[in-house]
1. Tell me yes or no: at least one residue of the range 233-246 is at pLDDT 95 or above, of a type outside the set (D, E, K, R) and closer than 22 Å to A44 by Cβ.
2. Going by what's in this entry, would R182 be described as surrounded by fewer than 19 Cβ atoms within 10 Å (Cβ to Cβ), of a type outside the set (A, V, I, L, M, F, W, C) and farther than 26 Å from V16 by Cβ?
3. Of all the residues that make up the range 216-240, how many are assigned to a helix (DSSP H, G or I) and over 30 Å from P139 (Cβ atoms)?
4. If L160 satisfies all but one of (1) surrounded by 15 or more Cβ atoms within 10 Å (Cβ to Cβ); (2) modelled with pLDDT under 95, what's the number of the condition it fails?
5. Of L357, L351, L342, L370, which residue is free of Cβ contacts under 8 Å to residues at least 12 places away in the same chain, under 30 Å from A204 (Cα atoms), hydrophobic (A, V, I, L, M, F, W, C) and not in a loop (DSSP other than H, G, I, E, B)?
6. Let me confirm something: among V227, V214, which residue is surrounded by fewer than 18 Cβ atoms within 10 Å (Cβ to Cβ), touching a residue at least 24 places away in the same chain (Cβ under 8 Å), within 24 Å of the chain's Cα centre (by Cα) and farther than 30 Å from I15 by Cβ?
7. Got a sec? Which of A320, A299 is modelled with pLDDT under 95 and within 23 Å of L273 (Cα to Cα)?
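The values are calculated or read from the model by the stated rules, or taken from the named source; none is laboratory data. Computed from a predicted structure; not experimentally measured. Note that each Cβ is placed from the backbone with ideal geometry, even for glycine, and that neighbours are counted across all protein chains shown.
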Amino acid sequence: MTAPAPLPRVQSLDIVRGVAVLGILLLNIVSFGMPEAAYYNPRAYGGAQGADLAAYLVNFVLFDGKMRGLFSFLFGASMLLVIERAEAGGRSPAAVHFARMGWLFAFGLAHLWLVWRGDILAHYALVGMLAFALRSMRPAQMLPLAVMLVLANTLIFVGLPMTLLAAQQPAANAAEAAENARQLHDLVSGFGVPAPAEIARELALYRGGYAGIVRERFTELAYSPLVILGLYGCETLAYMLFGMAAYRTGMLTGAWERRRYLRWLLVCWGIALPAYVALAAWLVHADFSLFAVTLAVMALATPIRSPMIAGWICLILLLARPGGALSQRLAAAGRMAFTNYLATSLICSTLFNGYGLGWFGFLSRWQLYLVVIGVWALILLWSKPWLERFRYGPFEWLWRSLARGRLQPIRGAAENT
């Protein structure tokens, strides 16, 4: 009896994934090159005026959370694709899925502790394990559940400005005063303008040697995947459900008519884009106060992020030209998204950390994007030639080999499966 033919790849998924792997560097570059608080608050470091302010606002309105959301949508869609291929090949979908997630979690921990503090892979692995139980739901069931999960995560983030307001109230006793001071310090460190001594300590750490940086990660980020799961787990699971629904309804596979993509783009961005612009204007008016950042960036942006992500999918697929030179290079970058994501971390950590070129903290916010353009060029230049000679990207091949328990063939041009 002959084995079932493998399912073909869906190029639209690769193109969207290619845009996502490039776009996410627009946000991650701040964490590579500046103290942690600068990611959310431009007043913390890197400049909050002129071109630096413009760079922050453009990213906040168009890219922040949206590229991560694109990855999450695609993760959900790809999960279904892998399950379908496992079933078509006569293998156990559960065994295939959980082997992949287990090794992805291991990659994520190694990435988090040894390469870069901003890892998302371990988080995706944990949420992906939960998402497997929901794979058989119909899109009509997935969508309302995803909306409820987004609202649940919004409530979690509303707790941040509420905690701030509570911590600023007069304390009844010394113990309560100490707890309020601790909570206020944590909020300022993450979303406000940390004290100069705290910024100086972080600059010294990341301009220093590799051993000190790794020691700090093992100390401060030992339980980071669990913390991130508690903070972002509902939202990420929602996005994976949206992605599974988008795959099954044909949105992510490019099966819709162009008019439908255009209509969805206009509706989604017509709702979400003005809301984001209004939040950005309020942040500037409030001079990026701690309350404004925790409320606008974390809480109020969460429920309007999903339509922005859906709009991005529509825009990308409307602009993509099947067979076009840029589309082919984006698709190649997307097929190697795992490798390109990890390669980006290796490149940028070497550029910015003290064991490499030591650029950490020396570039202003807008100058960081010169580095982004250079990394984008590398990704677009190398992905397509690599896949013309090899079936998978290097880390895709390693992940696939580990998950299947044997070395997979790698030589030969990438196949359409």
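1. No; the residues of the range 233-246 include none that is at pLDDT 95 or above, of a type outside the set (D, E, K, R) and closer than 22 Å to A44 by Cβ.
2. Taking the combined requirement at face value, the residue satisfies it.
3. Of the residues in that region, 8 qualify.
4. (2)
5. L370
6. None of the others qualify; the one that does is V214.
7. From the options A320, A299, the qualifying one is A320.
Each row is one residue, and each column tells you yes or no for (1) hydrophobic (A, V, I, L, M, F, W, C); (2) farther than 19 Å from G69 by Cβ; (3) surrounded by 13 or more Cβ atoms within 10 Å (Cβ to Cβ); (4) out of contact with any Ser or Thr (no Cβ under 6 Å at 6 or more places or on another chain).
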{"site": "Y206", "(1), (2), (3), (4)": "no, yes, yes, yes"}
{"site": "T219", "(1), (2), (3), (4)": "no, yes, no, yes"}
{"site": "Y223", "(1), (2), (3), (4)": "no, yes, no, yes"}
{"site": "T236", "(1), (2), (3), (4)": "no, no, yes, no"}
{"site": "A272", "(1), (2), (3), (4)": "yes, no, yes, yes"}
{"site": "V277", "(1), (2), (3), (4)": "yes, no, yes, yes"}
{"site": "H285", "(1), (2), (3), (4)": "no, yes, no, yes"}
{"site": "F291", "(1), (2), (3), (4)": "yes, yes, yes, yes"}
{"site": "L300", "(1), (2), (3), (4)": "yes, no, yes, yes"}
